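Notes follow once the structure below has been shown.
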């Protein structure tokens, strides 16, 4: 029962740390009870140790996933249940592997293995087709950006490393005290762990105090039409949407405004890509630009391209009937006064909604099952490179679409391709008035710090916002408010260490985890022979 209580406590502590409601300091010791339970089982003479470890860890991680991401259920019951149960399962498997290795190596090697394999697991969640990095540990400080200004060097994996080092520092202190019963161990352990937690925060405040944002800027207007995707959006045609966007833009554009930004798939009728010039989206966008020729208009749009040529079929194409296919796009477009139009197609897709993962394996088993988020569901078609749009021919904006903003290394692609600032266009109404849309906004602050790029965020139902290069929200428009925000966006052309090198901490961790695992297995086999 003690180990069960430890596992229960870890799950609660992990959940208590999470933004945008939690206390991130809790995460520095949230793994400790579960690690104590693992040590107790590992050093006991009980049977079925692996099953016990798996069960205890699954309990902890299930509670964490359930409390922090329960809101997924409101958009799709099946998808929410699947994400919570399967992600908890994957975390428990990682912990079980740690248990297997920890039996065969010393404390330092075991701690190093856990840290490296957990980071490798988080990295997997950024790159495989079942991608779900929402609970990556480095995200936990998104509401306390004054602590993590050094993310411009490490990205969020620096935060994960920081958190796990603190947890193992506390674990070591407790285990040594149990063995020797010397209070000096507690004092030294608290001092070391305190310094480990405090020094990065001090460094961050020093960076913050000395950081100067780029003096160059432009004026942007972000629109928030507040159209409910369940009851209005797909029953509201593009003509009415265009009229609403025009009204909101006209009320807020000034002679100094250089860009107007509208949210993800706000034009939702399903425009034919090759006939965009005939669409309502094109008509209303050009009308706004005609009235204000100094601006560029950036917006989200739902598009498709239908074809019968089998040579054009890819793994992302959707078949209507034999010999009839279409590619479906969740896109951004930008129109300028010179009549040019540019497109970017969303490339980090929501699992099940926009992307059917591992079709070759799963389609024969589950058929064409997809998760419905209130609109037309189809496999989306992506593009290889991050698109950057020129603003007034001199500055670059990275058009990040919704879920893409959760991916640190992915977003660096926009900056490395010339983005001086970032625009996030999103639709956050799917989860209702829960932590979902708040966390989504909060994570955007991490991208600002990592790349030192200001962000203009246009959300259909909220929260639209301006975020500066230090990750601070300078203005916002609340959830379910219709309106617009006008503000200055700084223009930066400097490249951070993280932007240049990406998730190098994770790549090193993958190698380290494999090395320790192989070392442990070889050592174990040799000891058995002896």
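Could you tell me which of rounded, prolate or oblate describes the stretch 47-179, using a ≥ b ≥ c as the square roots of the eigenvalues of the alpha-carbon gyration tensor, with rounded for a/c under 1.5 and, failing that, prolate when a/b is larger than b/c and oblate otherwise?
Details: a/c = 1.89, a/b = 1.17, b/c = 1.62.
Oblate.
Kindly put 495, 301, 401 in sequence by how many other C-beta atoms sit within 10 Å of each C-beta, fewest to most.
On the way: 495 13, 301 27, 401 24.
Listed from fewest to most nearby Cβ atoms, that is 495, 401, 301.
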Quiz item: Using a basic spin-label model with each label point 7 Å from the Cα along Cα→Cβ, how many nm lie between residue 309 and residue 275?
Solution: 1.9 nm
Self-check item: Distance (nanometres) between label positions extended 7 Å along Cα→Cβ at residue 51 and residue 501
Solution: 4.6 nm
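Based solely on its DSSP helices, what 222 nm [θ] is calculated for the chain when runs of n ≥ 4 H residues each add -39,500 (n - 2.57) and the sum is averaged over all residues, nearest 500 deg cm²/dmol? Don't jump to the answer; show the numbers that get you there.
Numbers: 16 runs with 245 residues, N = 530.
For the chain, the value works out to -15000 deg cm²/dmol.
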Self-check item: Label-to-label distance, nm, for residues given as residue 493 and residue 74 (7 Å Cα→Cβ offset)
Solution: 4.4 nm
Quiz item: How far is helix 32-42 tilted off the main Cα axis of the chain, in degrees rounded to 10, range 0 to 90?
Solution: 50 degrees
Exercise. Please determine, in degrees from 0 to 90 and to the nearest 10, the orientation of helix 77-102 with respect to the longest principal axis defined by the Cα atoms of the chain, where the helix direction is its Cα long axis.
Key: 30 degrees
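When a footprinting reagent is the concern and you count Cβ atoms within 10 Å, what order do 343, 356 take, fewest first?
Values: 343 17, 356 24.
With the fewest neighbours first, 343, 356 line up as 343, 356.
Would you mind calculating the gained length between residue 153 and residue 2 on full extension (0.36 nm times residue separation, minus the Cα-Cα distance), in nm to one decimal? Could you put the intermediate results ahead of the total?
On the way: separation 151, 0.36 × 151 = 54.36 nm, distance 4.09 nm.
So the chain would gain 50.3 nm between residue 153 and residue 2.
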Quiz prompt | Distance from the stretch 155-223 to the stretch 428-503 (C-alpha centre basis), Å | solution = 24 Å
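What list do you get for 254, 461, 236 if you sort them by fewest beta carbons within 10 Å? Each step should come with its number before you reach the end.
On the way: 254 10, 461 26, 236 18.
Placing the least packed residue first, the sequence is 254, 236, 461.
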Quiz item: Once both axes come from the Cα atoms, what is the angle between helix 49-69 and the longest principal axis of the chain, in degrees from 0 to 90, rounded to 10?
Solution: 30 degrees
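Computed from the coordinates by the stated procedures, all read-outs in this text should not be read as laboratory data. Source: prediction; values computed, not measured. Backbone-built Cβ (ideal geometry, glycine too); neighbour counts: all protein chains shown.
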